[in-house]
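**Student:** Can you keep this structure in mind? I'll have questions shortly.
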Amino acid sequence: MAKPVSIEVWNPNGKYRVVSTKPMPGTRWINLLIEQDCRVEICIQKKTILSVEDILALIGDKCDGVIGQLTEDWGETLFAALSRAGGKAFSNMAVGYNNVDVNAATKYGVAVGNTPGVLTETTAELAASLSLAASRRIVEADEFMRAGLYDGWLPHLFVGNLLKGQTVGVIGAGRIGSAYARMMIEGFKMNLIYYDLYQATRLEKFVTAYGAFLKANGEQPVTWKRASSMDEVLREADVISLHPVLDKTTYHLINKDSLATMKKEAILINCSRGPVVDEVALVEHLKQNPMFRVGLDVFEDEPYMKPGLAEMKNAVVVPHIASASKWTREGMATLAALNVLGKIKGYPVWGDPNRVEPFLNENAPPPAASPSLVNAKALGLPTSKL
């Protein structure tokens, strides 16, 4: 029998039982559930990553829906248990769902939600922040100051890379990749080279228009180029940011060979998925090329780093915080809650999961729809006409 876990209960007499495996930012998500007669149970166990057994205990004998986290293993065991308990919905508080066996959920008739549309700018901002931190060696310099080692200005002290006029490379020019590119181009007048299976027409038009603006004001115009291969981006770019989806084709996309293709003083940024980068090969490359720098928000075996990475002065590492702005995290919690609520109440699925503003407007009730259910089509769920 699964051991009991500590919970906090809101609206104990509510008709529908909704479980959240973690406390989430803000209270709007709680209030939205309570207003629709939900009993909300929040796991407050002092444990960063819950086990399958912990979650089984949370689900119990009766549970209408669960809001979970991307650190949890949602597969056959949990979806079978949720189905037995009468559950109709699960939502990740995340845009990604690599931790979810969607086929198993569909088999048991459980809708799977995610939270796109609210992370774009926040994630792009962190990628830009890591680009700056790596290029100007900010973390190294901060540690140097705190250690009391600074005894006066020196010509070679923490010399880094100038971004202006250099080339930013983007691999995966979707919403986040394009937002990052715009920040680096408009902020630092960088040229763009990108690789994507699909043409980023809006991004190209933006760079063209901004280049014309600079030229009209007597400045060097920025340029763009769509690469025919990823290797072309790796060879030509000074700063490279990774924004692909994670699947069999992108696992270890960055490996020993692709790292060798990059410039000796290039900067590599990853705010997408950890396994996109072969971390062992990266550590070796950082050791052999001290002027090569990297900024990482995600890791191959989270929450762990491969041996040697923590000791690399030319690596900036942060603990998966790309979405960690207050507005975004509260929005993710709201969307996840509304995914579960919508399925429980029998609402249709929102037509455009990336147009989430109506759900986040605190001055009006949210639409009667689930914002984003990834297996809606497989379950035969109707689409909202709103």
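**Student:** Which of the following residues is more than 27 Å from Ser323 (Cβ to Cβ) and of a type in the set (Gly, Ala, Ser): Ser241, Ser258, Ser228?
**Tutor:** Numbers: Ser241 fails: more than 27 Å from Ser323 (Cβ to Cβ); Ser258 fails: more than 27 Å from Ser323 (Cβ to Cβ).
Answer to the selection: Ser228.
**Student:** Out of the residues in the range 284-293 that are open to solvent by 50 Å² or more (accessible area, probe 1.4 Å) and over 17 Å from Ser135 (Cβ atoms), state the one that is nearest to the chain's Cα centre (by Cα).
**Tutor:** Narrowing the range 284-293 to residues open to solvent by 50 Å² or more (accessible area, probe 1.4 Å): 284, 287-288, 290-291.
Pick out the ones that are also over 17 Å from Ser135 (Cβ atoms) and you get 284, 287-288.
Numbers: Glu284: 26, Lys287: 28, Gln288: 30 Å.
Among residues in the range 284-293 that are open to solvent by 50 Å² or more (accessible area, probe 1.4 Å) and over 17 Å from Ser135 (Cβ atoms), the one nearest to the chain's Cα centre (by Cα) is Glu284.
**Student:** A further question on this structure: Quick one: which residue in Arg146, Arg137, Arg182, Arg175 is basic (Lys, Arg), surrounded by fewer than 23 Cβ atoms within 10 Å (Cβ to Cβ) and closer than 17 Å to Phe292 by Cα? Lay out the reasoning, then the answer.
**Tutor:** Values: Arg146 fails: closer than 17 Å to Phe292 by Cα; Arg182 fails: closer than 17 Å to Phe292 by Cα; Arg175 fails: closer than 17 Å to Phe292 by Cα.
From the options Arg146, Arg137, Arg182, Arg175, the qualifying one is Arg137.
**Student:** Mind listing whichever residues of the range 44-56 are open to solvent by 30 Å² or more (accessible area, probe 1.4 Å) and in a helix (DSSP H, G or I)? Step through it out loud before you land on a result.
**Tutor:** Looking only at the range 44-56, we keep the residues that are open to solvent by 30 Å² or more (accessible area, probe 1.4 Å), and these are 44-49, 51-53, 56.
Those that are open to solvent by 30 Å² or more (accessible area, probe 1.4 Å) and in a helix (DSSP H, G or I): Val52, Glu53, Leu56.
**Student:** Gln220 is checked against (1) at pLDDT 95 or above; (2) open to solvent by less than 80 Å² (accessible area, probe 1.4 Å); (3) over 20 Å from Ser129 (Cβ atoms); (4) not hydroxyl-bearing (Ser, Thr, Tyr) and fails just one. What number does that condition carry?
**Tutor:** Of everything listed in (1) at pLDDT 95 or above; (2) open to solvent by less than 80 Å² (accessible area, probe 1.4 Å); (3) over 20 Å from Ser129 (Cβ atoms); (4) not hydroxyl-bearing (Ser, Thr, Tyr), Gln220 misses just condition (2).
**Student:** When residues of the range 164-189 are filtered for being out of contact with any Ser or Thr (no Cβ under 6 Å at 6 or more places or on another chain), among the aliphatic types (A, V, I, L, M) and either closer than 30 Å to Glu311 by Cβ or modelled with pLDDT under 95 (or both), how many remain? Reasoning before the result, please.
**Tutor:** Filtering the range 164-189 down to residues out of contact with any Ser or Thr (no Cβ under 6 Å at 6 or more places or on another chain) leaves 164-169, 171-174, 177-178, 181-189.
Checking which are among the aliphatic types (A, V, I, L, M) leaves us with 168, 171, 173, 181, 183-185.
Right, trim to either closer than 30 Å to Glu311 by Cβ or modelled with pLDDT under 95 (or both) and you get 168, 171, 184.
The qualifying residues number 3.
**Student:** Still on this model: For the range 156-166, check the following and say yes or no: at least one residue is under 21 Å from Trp224 (Cα atoms), touching a residue at least 60 places away in the same chain (Cβ under 8 Å), of a type in the set (A, V, I, L, M, F, W, C) and buried (at least 18 other Cβ atoms within 10 Å of the Cβ).
**Tutor:** Yes, the range 156-166 contains a residue that is under 21 Å from Trp224 (Cα atoms), touching a residue at least 60 places away in the same chain (Cβ under 8 Å), of a type in the set (A, V, I, L, M, F, W, C) and buried (at least 18 other Cβ atoms within 10 Å of the Cβ).
**Student:** Would you check which residues across the range 85-95 are in a loop (DSSP other than H, G, I, E, B) and under 15 Å from the mean Cα position of the chain (by Cα) and list them? Spell out how you get there, then give the answer.
**Tutor:** So the first thing to find is which residues in the range 85-95 are in a loop (DSSP other than H, G, I, E, B), and the list is 85-88, 93-95.
Within the range 85-95, Met93, Ala94, Val95 qualify.
**Student:** Would a scan of the range 322-330 turn up a residue that is of a type outside the set (A, V, I, L, M, F, W, C), out of contact with any strand residue (DSSP E or B) (no Cβ under 7 Å at 6 or more places or on another chain), open to solvent by less than 50 Å² (accessible area, probe 1.4 Å) and not in a helix (DSSP H, G or I)?
**Tutor:** Within the range 322-330, one or more residues are of a type outside the set (A, V, I, L, M, F, W, C), out of contact with any strand residue (DSSP E or B) (no Cβ under 7 Å at 6 or more places or on another chain), open to solvent by less than 50 Å² (accessible area, probe 1.4 Å) and not in a helix (DSSP H, G or I).
**Student:** Suppose we filter Gly342, Gly346 for residues that are free of Cβ contacts under 8 Å to residues at least 24 places away in the same chain, more than 18 Å from the chain's Cα centre (by Cα) and under 19 Å from Val18 (Cα atoms); which single one remains? Walk me through it before giving the result.
**Tutor:** On the way: Gly342 fails: free of Cβ contacts under 8 Å to residues at least 24 places away in the same chain.
Result: Gly346 is the single residue among Gly342, Gly346 that is free of Cβ contacts under 8 Å to residues at least 24 places away in the same chain, more than 18 Å from the chain's Cα centre (by Cα) and under 19 Å from Val18 (Cα atoms).
**Student:** Now for a separate question. Identify, please: which residue in the range 294-320 is open to solvent by 10 Å² or more (accessible area, probe 1.4 Å) and assigned to a strand (DSSP E or B) and is, among those, farthest from Arg235 (Cα to Cα)? Even if it seems obvious, please write down each step before you answer.
**Tutor:** First, the residues of the range 294-320 that are open to solvent by 10 Å² or more (accessible area, probe 1.4 Å): 299-308, 310-320.
If we keep only those that are assigned to a strand (DSSP E or B) too, we end up with 301, 304, 315-317.
Working: Asp301: 28, Tyr304: 30, Ala315: 20, Val316: 22, Val317: 24 Å.
That would be Tyr304.
**Student:** A further question follows. Go through the range 65-95 and give me each residue that's open to solvent by 30 Å² or more (accessible area, probe 1.4 Å) and either over 27 Å from Gly274 (Cα atoms) or small (Gly, Ala, Ser) (or both).
**Tutor:** Result: Ser83, Arg84, Gly86, Lys88.
**Student:** Output the residues belonging to the range 349-379 that are assigned to a loop (DSSP other than H, G, I, E, B), open to solvent by 30 Å² or more (accessible area, probe 1.4 Å) and out of contact with any strand residue (DSSP E or B) (no Cβ under 6 Å at 6 or more places or on another chain). Spell out how you get there, then give the answer.
**Tutor:** So in the range 349-379, the residues assigned to a loop (DSSP other than H, G, I, E, B) come out as 350-356, 361-369, 371-372, 374-375.
From the residues that got through so far, the ones that are open to solvent by 30 Å² or more (accessible area, probe 1.4 Å) too are 351-355, 361-366, 368, 374.
Passing the criteria: Asp352, Pro353, Asn354, Arg355, Asn361, Glu362, Asn363, Ala364, Pro365, Pro366, Ala368.
**Student:** Please note which strands (runs of 3 or more DSSP E) are completely contained in the range 96-214 and include at least 2 residues that are more than 22 Å from Val276 (Cβ to Cβ).
**Tutor:** On the way: elements: 111-113, 167-171, 191-195.
Answer list for the range 96-214: 111-113.
The values are calculated or read from the model by the stated rules, or taken from the named source; none is laboratory data. Given the structure is predicted, the values throughout are model-derived calculations rather than measurements. Backbone-built Cβ (ideal geometry, glycine too); neighbour counts: all protein chains shown. All accessible areas refer to the heavy atoms of the entire protein, side chains included, with ligands and DNA or RNA removed. Shrake-Rupley method; radii C 1.70, N 1.55, O 1.52, S 1.80 Å.
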